[in-house]
Amino acid sequence: MSDRKDKMTGASCRVRDMGGQAVMEGVMMRSGNATAVTVRRPDGTMVTKRTPFVAPKEKHPWMGKPFIRGVINMATMLYFGMNTLESSTQMLGILDEEPTKFEKWLAKKLGKGVDKIVMGMAIVLAVVLSIGLFMALPAGVESLLKSAGMGPLGYTLLGGLVKILILIGYMIAVAFVPDVRRTFQYHGAEHKSVHCYESDLELTPANAQTFSRLHPRCGTAFLLIVFTISILLFLVLNVLVPINNYFLRVLFHLAMLPIVAGTSYEVLMGLAHSNSRIARILRWPGLQMQRLTTREPDESMLECAIVSVNVVLYGLPEHAEKTPEGWAILRSYRESEQGYVPPVQEAAETEEPDGEQDAPETEKAGA
């Protein structure tokens, strides 16, 4: 990561491994000490907010240790990812619409905490679905192949292949949903903006558009590494400690998840920060997988991503109009730049002292 200089002071603003997430009609960016979310509302304006963020390792240094940090990072991503999706929906203003009869009934039964309860249920369902698709189903395939007399090498590799095929199939299927496809475009905008920032170029839509929509630190690449590491790990363990019972096999896969996640994170970071020939070869499959979860963004999407980068680095623009919630309303990405001066203020600063103006020609003639 290169050092970026503050436009006004020239001070170095070092941010290592800036990352982000595509949200509904917008982009979230996260630096070392804050997150910024920017969405494009139906009226064309951009709404952005900045939230201070303290990494778990800052409070508990042991959480930043190798292999442990990968597990913590995955849990943090899941937690903040769901919260960010909820926040972006609120910022779009679509929740201001009249609730349906079912929503009113649900709010009456569950009380003021209905949003958190629904979000919690969504997280639980997502976890259950993930365990079912990527652990229970592949474990069942392994058990069937093992019962048919196949050796550990064969049933482990085929079980791992089932996981990867399910993942690819899911990514292809959801891309047909229009809203998801637009989110994939914002995902591409996030990557392009980060590339532009890391290359120390001026953050403009034109500059960002020239970069690839694929990025080596993407979560999609992380998923592929997780699956690859799990295949290799379970191959060794299936040879050393064969498990015949199906339910024990599923529990075993679940118990090994922290080890797989921790190892995969170290591999991802190692490959992302190396430019050796071997590293480029090993990260190539993860980059290609991102072709399924990213699309080429348009200029308005790149503007949202650029605003999030600027806001997470420099804070909310002081001159911007604010919503009742304290979110900034912007009409151009330029308004988020450090040192930006609104046209009205700029014009006022260039006026002559005491507001003196040259007299009109007609007044001069009559003087």
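The residues in segment 208-221 that are in a helix (DSSP H, G or I), surrounded by fewer than 22 Cβ atoms within 10 Å (Cβ to Cβ) and modelled with pLDDT under 95 can be counted, and the count is 2. Restricting segment 305-325 to residues that are of a type outside the set (A, V, I, L, M), assigned to a loop (DSSP other than H, G, I, E, B) and within 19 Å of residue 43 (Cβ to Cβ), the residue that is farthest from the chain's Cα centre (by Cα) is 324. The requirement of being β-branched (Val, Ile, Thr) and either more than 29 Å from residue 294 (Cα to Cα) or in contact (Cβ under 8 Å) with a residue 60 or more places away in the chain (or both) is not satisfied by residue 51. For segment 293-304, residues that are part of a helix (DSSP H, G or I) and either small (Gly, Ala, Ser) or touching a Lys or Arg at 6+ places or on another chain (Cβ under 7 Å) (or both) total 3. You will find that of 192, 163, the residue that is in contact with a Phe, Trp or Tyr (Cβ under 7 Å, 6 or more places away or on another chain), at pLDDT 90 or above and surrounded by 15 or more Cβ atoms within 10 Å (Cβ to Cβ) is 192 and no other. Yes or no: residue 221 touching a residue at least 24 places away in the same chain (Cβ under 8 Å), in contact with a Pro (Cβ under 6 Å, 6 or more places away or on another chain) and not hydroxyl-bearing (Ser, Thr, Tyr)? Against the criterion (touching a residue at least 24 places away in the same chain (Cβ under 8 Å), in contact with a Pro (Cβ under 6 Å, 6 or more places away or on another chain) and not hydroxyl-bearing (Ser, Thr, Tyr)), residue 221 does not qualify.
The values are calculated or read from the model by the stated rules, or taken from the named source; none is laboratory data. Keep in mind the model is a prediction, meaning the values are calculated, not measured. Using ideal geometry, Cβ is built from the backbone for each residue, glycine included, and neighbour counts are taken over all protein chains shown.
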